[in-house]
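Student: I have a structure I would like to understand better, so I am pasting it below and will then ask my questions one at a time.
We did not get these values from a lab; they are worked out from the coordinates using the rules stated. All of these numbers come straight from a predicted model, not from anything done at the bench. Neighbour counts are summed over all protein chains in view; Cβ atoms, including those assigned to glycine, are modelled from backbone coordinates with ideal geometry.
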Amino acid sequence: MTENKQSNDELRCIGCGAVIQSTDPKQPGYTPQSAIEKGLANNELYCQRCFRLRHYNEIAPVSLSDDEFLKLLGQIRDANALIVYVVDVFDFNGSLIPGLHRFVGDNPVLLVGNKEDLLPRSLRRSKLTDWLRQQANMAGLRPIDTILVSAKKNHQVDQLLDTIEHYRQHRDVYVVGVTNVGKSTLINQIIKQRTGVQELITTSRFPGTTLDKIEIPLDDGHLLVDTPGIIHEHQMAHVLPAKQLKYVAPQKEIKPRTYQLNDGQTIFMGGVARFDYLKGSRAGMVAYFDNNLPLHRTKLANADHFYQKHLGDLLTPPTQDEVDSFPTLERQEFHTETKSDLVFEGLGWITVPAGVTVAGWVPQGVSVLIRRAMI
């Protein structure tokens, strides 16, 4: 499982899959020659980036070109394989890969909703599974099955393995997903169950940790292939400073926060997003965000002044020293016909009743949208 040699004699990092090289520190796979020799001796060869990420939680920015991503996606389309599509149930919309059906070709898709442990236990899992399937259908996907797991807590991973084995029919398995859905954590659980090796693949809350595909042999000679996380540019994770990413990667079950609102009221989610109740009768609104993200209610008429005055102290993140570089919030208005979620992509959502007019504010480049209520 930890074999680094490839058929072309390339050495690859077992953490992210990048080709090991010792010439350019700014490119993927860089490792000092002394570390390469030590890694080979221990049969645990990591690039310098993965080593620092594993031991010091440091991130070094590297990127794949669009051409490299398209090449990898083309390999998926041309393969005869089962596609395991991992989404984050807490950030379903931010988990969608645009046009995925074009990349998978005729290959069957198994939809895996990860991080189910983050949602309230009161939510029936059968209802959540149905909701995920319906949302996937609306996005043009027709998965052959849908399964909920928690890779972090090892919930339902046994069932997932049985389901994969049932559908793959002696084919390769490609695991795909956008960054930050917990794909590498899930792969690590699979490796651990099959071999006893723990945390082979680099995992973190930073976008884009896996840089190249990682191939894991299956019993019949076929492969389970972990592909790089496809970068979804509209996720909140891409505008937050690294030390604030904890707010878009909840680690514990979300505790819903309920507000009885009259129209003309505003809720700030720290300083990174804003919810305005524009028109409707007094109603309960339920907020689903990381438990540590501070929420502040104020009057809509005073909201702009409140934001300018308190951004970086009362309204944080961002912190005071991050305010100048933080993107401007942009507004989008919605009217609901049914009970709906106003989604702040990658951050969370607020559930609102039918027949109201609301607005969502998010940093420039992040998406805000309305969807049928999950809960």
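Student: Residues in the range 152-171 near a label at residue 222, defined as backbone nitrogen under 15 Å from the 7 Å Cα→Cβ point?
Tutor: Inside the label zone: 161-171.
Student: Could you check what % of the DSSP bridge pairs in the chain are antiparallel, to the nearest 5?
Tutor: Here the antiparallel bridges make up roughly 70 percent for the chain.
Student: Each label point is 7 Å from the Cα along the Cα-to-Cβ direction; what then is the distance between the points at residue 41 and residue 121, in nm?
Tutor: 5.0
Student: Rank these for me by crowding, 274, 125, going from fewest to most other beta carbons within 10 Å.
Tutor: 125, 274
Student: If you line up the long axis of helix 33-42 against the longest principal axis of the chain, both from Cα atoms, how many degrees apart are they, to the nearest 10?
Tutor: That works out to roughly 80 degrees.
Student: Okay, moving on. What order do you get for 14, 144, 214 when you list them from fewest to most C-beta neighbours inside 10 Å?
Tutor: Least crowded to most crowded, the residues run 144, 14, 214.
Student: Past the 29 Å Cα-Cα mark, which pairs from 26/152; 255/279; 279/309; 26/71; 115/243?
Tutor: From 26/152; 255/279; 279/309; 26/71; 115/243, over 29 Å: 26/152.
Student: To the nearest 10 degrees, how steep is helix 157-168 against the longest Cα principal axis of the chain, on a 0 to 90 scale?
Tutor: Long axis of 157-168 versus the principal axis of the chain: about 70 degrees.
Student: Between residue 251 and residue 34, what is the label-to-label distance in nm when each label sits 7 Å out along the Cα-to-Cβ direction?
Tutor: So the two model labels end up 3.3 nm from each other.
Student: Rounded to the nearest 20 Debye, what is the dipole magnitude of the chain about its Cα centre when Lys and Arg each give +1 and Asp and Glu each give -1 at the C-beta?
Tutor: Approximately 1260 debye in magnitude.
Student: So, one more: Report the residue, chosen from 123, 314, 300, that carries the largest GNM mean-square fluctuation when the chain is represented by alpha-carbon nodes joined by springs under 10 Å.
Tutor: Highest fluctuation of the listed residues: 123.
Student: Mind sorting 282, 12 by how few other Cβ atoms lie within 10 Å of their own Cβ, fewest first?
Tutor: If I rank by nearby Cβ atoms, fewest first, I get 282, 12.
Student: From the helices alone, meaning DSSP H stretches of at least four residues, give me the mean residue ellipticity at 222 nm for the chain, per-run term -39500 (n - 2.57), in deg cm²/dmol to the nearest 500.
Tutor: Rounded to the nearest 500, the figure is -7000 deg cm²/dmol.
Student: Can you give the relative contact order of the range 257-372 as a percent, counting alpha carbon pairs under 8 Å and 6+ residues apart?
Tutor: Result for the range 257-372 is 30 percent.
Student: What relative contact order, as a whole-number percentage, does the chain give when Cα pairs under 8 Å and 6 or more residues apart are counted?
Tutor: 13
Student: Note down, for the chain, the three equivalent ellipsoid semi-axes (square root of 5 times each alpha carbon gyration tensor eigenvalue), biggest first, whole angstrom.
Tutor: Semi-axis lengths for the chain are 38, 25, 17 Å.
Student: Mind jotting down the distance between the C-alpha centroids of the range 15-45 and the range 284-362, whole Å?
Tutor: Cα centroid of the range 284-362 versus Cα centroid of the range 15-45: 43 Å apart.
Student: Can you tell me the 0 to 90 degree angle between the C-alpha axis of helix 125-138 and the longest principal axis of the chain, rounded to 10?
Tutor: 90
Student: Oh, and also: Send over the per residue convex hull volume for the range 317-357, Cα only, as a whole number of Å³.
Tutor: Roughly 87 Å³ of hull volume per residue.
Student: Another one. Give me the compactness ratio for the range 267-375, meaning the Cα radius of gyration over 2.2 N^0.38 Å.
Tutor: 1.03
Student: I would also like to ask the following. Connecting C-alpha atoms closer than 10 Å in a GNM of the chain, tell me which of 42, 137, 107 has the biggest fluctuation.
Tutor: 42
Student: Ranking request for peptides 71-80, 264-273, 150-159: highest mean number of other beta-carbon atoms within 10 Å first, then the rest in descending order.
Tutor: Ranked from most to least packed, the peptides come out as 264-273, 150-159, 71-80.
Student: Which of the cysteines in the chain are isolated, no other cysteine C-beta under 4.7 Å?
Tutor: By the Cβ distance rule, which asks for a partner under 4.7 Å, the isolated cysteines are 16, 50.
Student: If I model the range 96-151 as equal point scatterers sitting on the Cα atoms and use the Debye formula, what is log10 I(q)/I(0) at q = 0.24, 0.29 Å⁻¹?
Tutor: Results for the range 96-151 at q = 0.24, 0.29 Å⁻¹ read -0.99, -1.24.
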